[in-house]
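We did not get these values from a lab; they are worked out from the coordinates using the rules stated. Bear in mind that the values here come from a model prediction, so they are computed numbers and not experimental data. Cβ: placed from backbone, ideal geometry, glycine included. Neighbour counts: every protein chain shown.
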Amino acid sequence: QVQLVESGGGVVQPGGSLRLSCAASGFTFNTYGLHWVRQLPGKGLEWVTVISPDGSVKSYADSVKDRFTISRDNSRDTLYLQMTTLRPEDTAVYYCARATSGSGWHKGGIVYYYYGMDVWGQGTMVTVSS
Amino acid sequence: DIQLTQSPSFLSASVGDRVTITCRASQAITNYLVWYQQKPGKAPTLLIFGASNLYSGVPSRFSGSGSGTEFTLTISSLQPEDFATYYCQQLESSPPWTFGQGTQVEIK
């Protein structure tokens with residue numbers, strides 16, 4: 001069945017780094033944009049970043065720009081999130097999610113995924129604490 | 001960035017009630033708004049896309065409407081499995097694609 005499974009979460013000190021992975025199965029991985037969304041403890045959802053199906057177009061929230069890097073390996077059907085210079089406010093459950101609209105719409109150097117996210121992983125917890 | 005404000009933030013209702021949740025945007029958006037449901041300890045699930053299109057497999061008691069700056073999610077007859085938190089998200093603007101703060105629906 002269509003599935004996304006995150007891994008790589010854990011406890012890291014402020015200023016540290018962590019790499020999350022998201023393994024996909026059950027669909028044609030290289031035809032879908034993929035997002036990372038996070039949820040702070042007891043709080044709402046925050047969109048973090050997205051990558052196009054071929055990995056060439058990426059967008060980031062300002063809160064993580066220049067610290068987080070999204071990437072994908074289409075030969076391994078796996079999505080990644082490299083997180084550096086971590087802060088306590090990055091403490092959250094991190095979800096990977098598939099773009100409902102597949103490859104999206106290219107406009108002005110950005111790929112738009114107008115129809116949200118239809119498949120989500122179970123989430124992986126990242127705790128940034130000394 | 002486009003801000004989304006959901007109302008109410010908390011709602012207490014009974015099984016069988018009609019429930020309406022509103023999502024207001026800080027500026028007009030076309031119809032690239034979606035709704036998610038999230039149960040405790042679980043990932044969100046997609047309910048509505050394009051403001052009013054029911055996602056595959058979602059019960060027909062859920063519906064979405066609206067345009068411009070005001071959008072609504074309606075549950076026509078609340079069922080026990082519908083007690084959850086609901087989020088809207090806009091995908092109209094250039095990133096970030098913001099979420100509303102959520103509406104928690106609890107049993108009266």
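Which order results if A:D118, A:D73 are arranged by neighbouring Cβ count within 10 Å, fewest first?
Ordered from fewest to most neighbouring Cβ atoms within 10 Å, A:D118, A:D73 come out as A:D73, A:D118.
Please average, across the residues of A:91-101, the number of beta carbons from any other chain that are within 10 Å of each residue's own beta carbon, and give a whole number.
2
In what order do A:M125, A:M83 fall by count of nearby beta-carbon atoms within 10 Å, going from fewest to most?
A:M125, A:M83
Looking at chain B as a GNM with Cα springs under 10 Å, which of B:Q27, B:Q89, B:Q37 has the largest mean-square fluctuation?
B:Q27
Within the range B:14-105, report the trypsin sites (Lys or Arg not before Pro) that DSSP leaves as loop and that have at most 16 other Cβ atoms within 10 Å.
For trypsin sites (Lys or Arg not before Pro) across the range B:14-105 that sit outside H, G, I, E and B with at most 16 neighbouring Cβ atoms in 10 Å, the list reads B:R18, B:K42, B:R61.
Among the lysines, which have Cα under 24 Å from the Cα of A:K65 when same-chain residues fewer than 8 positions away are ignored?
Straight-distance partners of A:K65: A:K43, A:K107.
Based on alpha-carbon atoms only, what is the radius of gyration of the range B:1-80 relative to the globular estimate 2.2 N^0.38 Å?
The reported ratio for this selection is 1.09.
Where in the range B:63-104 does the amide nitrogen come within less than 14 Å of the point 7 Å from the Cα of B:A28, taken along Cα to Cβ?
Only B:67-70 fall inside the zone, counting backbone N under 14 Å.
Of B:W97, A:W105, how do they rank once you tally other Cβ atoms within 10 Å and put the fewest first?
Neighbour counts put them in this order, fewest first: A:W105, B:W97.
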